[in-house]
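Encoded as C-alpha cells, the structure appears first; notes follow it.
The values are calculated or read from the model by the stated rules, or taken from the named source; none is laboratory data. Source: prediction; values computed, not measured. Heads up, the Cβs are rebuilt from the backbone with ideal geometry, glycines too, and the neighbour counts pull from every protein chain shown. Calculation scope for accessible area: heavy atoms of the full protein, side chains included, ligands and nucleic acids excluded. Shrake-Rupley method; radii C 1.70, N 1.55, O 1.52, S 1.80 Å.
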Amino acid sequence: MASRPRHTNPHVEATLAAAEERGWRVEKAAGGHAHVWGRMLCPQATREGCIVFVHSTPRNPQSHARHLQKRVDGCPHQENCEQGEIP
C-alpha cells in the first residue's frame, strides 16, 4: 500500500490512521478544493458506501477528529465488510 500524504493536524491524522486500520480508504484531494483536504471512503466499494470529507484547516481540530471517528464508528457497512459479506 502506497503511503498517503499526512494531515497537518495530529488529532485528525490519528483518526485517519485508525480509519485505515479498519479498512477505510483515505484519499487526498487533487487540486485546490476550498477547505477540503481529502475524503475517507468506507470499506464498501460501491455507490452506496459512506464518503466523509476531511477539512484541511478545521476551526476546532479535536472536534473535527471526533466527528470523523463518529462517522467511522457509525458506518452501517462496517460490520458486513468485516464479515466478508460485501466486496
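Remarks
- Residue selected from segment 37-55 under the condition open to solvent by less than 50 Å² (accessible area, probe 1.4 Å) and closer than 18 Å to N9 by Cα, by the criterion farthest from the chain's Cα centre (by Cα): W37
- Residue within segment 26-33 that is touching a Pro at 6+ places or on another chain (Cβ under 6 Å) and either open to solvent by 40 Å² or more (accessible area, probe 1.4 Å) or polar (S, T, N, Q) (or both) present: yes
- Residue within segment 13-24 that is modelled with pLDDT under 90 and open to solvent by 50 Å² or more (accessible area, probe 1.4 Å) present: no
- Condition met for L16 (touching a residue at least 40 places away in the same chain (Cβ under 8 Å), more than 18 Å from S3 (Cα to Cα) and under 10 Å from the mean Cα position of the chain (by Cα)): no
- Matching residues, segment 48-65, being over 13 Å from V36 (Cα atoms), assigned to a loop (DSSP other than H, G, I, E, B) and touching a residue at least 24 places away in the same chain (Cβ under 8 Å): E48, G49, C50
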